[in-house]
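Trainee: Pasting a structure here, questions to come.
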Amino acid sequence: MAKSIYECEDRHGGGPGLRSRLVEVGVDLVNSEGTQALSLREIARRAGVSHGAPRRYFATHLELLSAIARQGYEELAQRAAEAIGDGRASARDQLQALAIGYLDFALSNRGMFELMVRHDLLESNHLGLRETSLPLFGVLVELVSRVQRPTSAPPEVVAGTLWANLHGIVQLWIWGSLPLVTGADDVELLLRAALDAHLGPAAE
């Protein structure tokens, strides 16, 4: 049976194409089957290479997971930029659009979202993962600073609690708990309630 082009690359030392292929396969795998499927062996098998091939490009399993998560953060950053637009909308409207985009990403990319918020990946900072995650939080802080009501808490703290609230909404919505206890059939109703709770009601 003929070998795949990726097996040929592996035999001859691989190259950037194989490294990208491993990440691409990992992205597809986490989106279709979740984080539990992301073993080095399974990624290698689906990429059509030997189970030891990923070690040539990623010294540890954590590095490969970080490379996959980085793709998620880059997509989320693009969505955030699209949500904010040209900046002409009010800070409150931009913040709501950003939050809706975050919820939509999380609900439509559940496996990737779960991978992206793993503490061990962010703490290790393999492949500069914080360079893609922290700027996103910085955007949230900047918008919160322009909207928040008078409070003794700095914008970073308010933004952090808002983010935690949004994350909790996503997780409990995925589990089915929030629709059950609130009777809500639209997650955006909960999002708007969270914004009101942290920032005060939107101006009429």
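Trainee: Sum up the charges of everything whose Cβ sits under 12 Å from the Cβ of Gly101, counting Lys and Arg as +1 and Asp and Glu as -1, but leave Gly101 out.
Mentor: My count for the surroundings of Gly101 gives -3.
Trainee: Relative contact order for the chain: what percent, with Cα pairs under 8 Å and sequence separation of 6 or more?
Mentor: Answer for the chain is 19 percent.
Trainee: Here's something else I'd like to know. Can you give the local net charge around Asp28? Use residues other than it whose beta-carbon is closer than 12 angstrom to its beta-carbon, Lys and Arg +1, Asp and Glu -1.
Mentor: -1
Trainee: Taking Cα atoms, how many degrees apart are the long axis of helix 130-147 and the longest axis of the chain, rounded to 10 and kept between 0 and 90?
Mentor: Tilt relative to the chain: about 10 degrees.
Trainee: A follow-up question, please. List His198, His61 from most exposed to least, where exposure is judged by having the fewest other Cβ atoms within 10 Å.
Mentor: Ordered by Cβ neighbours within 10 Å, fewest first: His61, His198.
Trainee: Could you tally the net charge around Pro155, taking each other residue with its Cβ under 11 Å from the Cβ of Pro155, Lys/Arg +1 and Asp/Glu -1?
Mentor: -1
Trainee: Could you please rank Phe137, Phe113, placing first whichever residue has the fewest other Cβ atoms within 10 Å of its Cβ?
Mentor: With the sparsest Cβ surroundings first, the list reads Phe137, Phe113.
Trainee: Could I ask something else about it? Label Leu122 and Ser32 with points 7 Å out from Cα along Cα→Cβ: what is the distance between them in nm?
Mentor: Here the modelled spin labels are 2.9 nm apart.
Trainee: Follow-up question, since we're still on this one. Any idea what angle helix 16-33 forms with the longest principal axis of the chain, computed on alpha-carbon atoms, 0 to 90 degrees, nearest 10?
Mentor: Tilt relative to the chain: about 60 degrees.
Trainee: I've got another one for you. Select from His119, Gly183, Gly200 the residue farthest towards the positive end of the dipole of region 55-204; place +1 on Cβ of Lys and Arg, -1 on Cβ of Asp and Glu, and compute about the Cα centre.
Mentor: His119
Trainee: Then there's this: Please determine, in degrees from 0 to 90 and to the nearest 10, the orientation of helix 61-84 with respect to the longest principal axis defined by the Cα atoms of the chain, where the helix direction is its Cα long axis.
Mentor: The helix 61-84 is inclined about 40 degrees to the chain.
Trainee: Where in the chain lies the longest segment free of trypsin sites (Lys or Arg not before Pro) that are both loop residues by DSSP (not H, G, I, E, B) and have at most 12 other Cβ atoms within 10 Å?
Mentor: Formally, the longest exposed-site-free interval is 89-204.
Trainee: Quick check on the exposure proxy: order Val181, Val30 from fewest to most C-beta atoms within 10 angstrom.
Mentor: If I rank by nearby Cβ atoms, fewest first, I get Val181, Val30.
Trainee: Return the Rg/Rh ratio of the chain with Cα-based radii and a Kirkwood Rh.
Mentor: 1.06
Trainee: Using unit Cβ charges (K, R positive; D, E negative) and no other charged atoms, how large, in debye to the nearest 20, is the dipole of the chain about its Cα centre?
Mentor: Around 620 debye, computed over the chain.
Only the coordinates and a few stated rules stand behind these numbers; no lab work does. Being a predicted model, the structure only gives us computed values, none of them experimental. In this analysis, Cβ positions are derived from the backbone assuming ideal geometry, glycine residues included, and neighbour counts consider all displayed protein chains.
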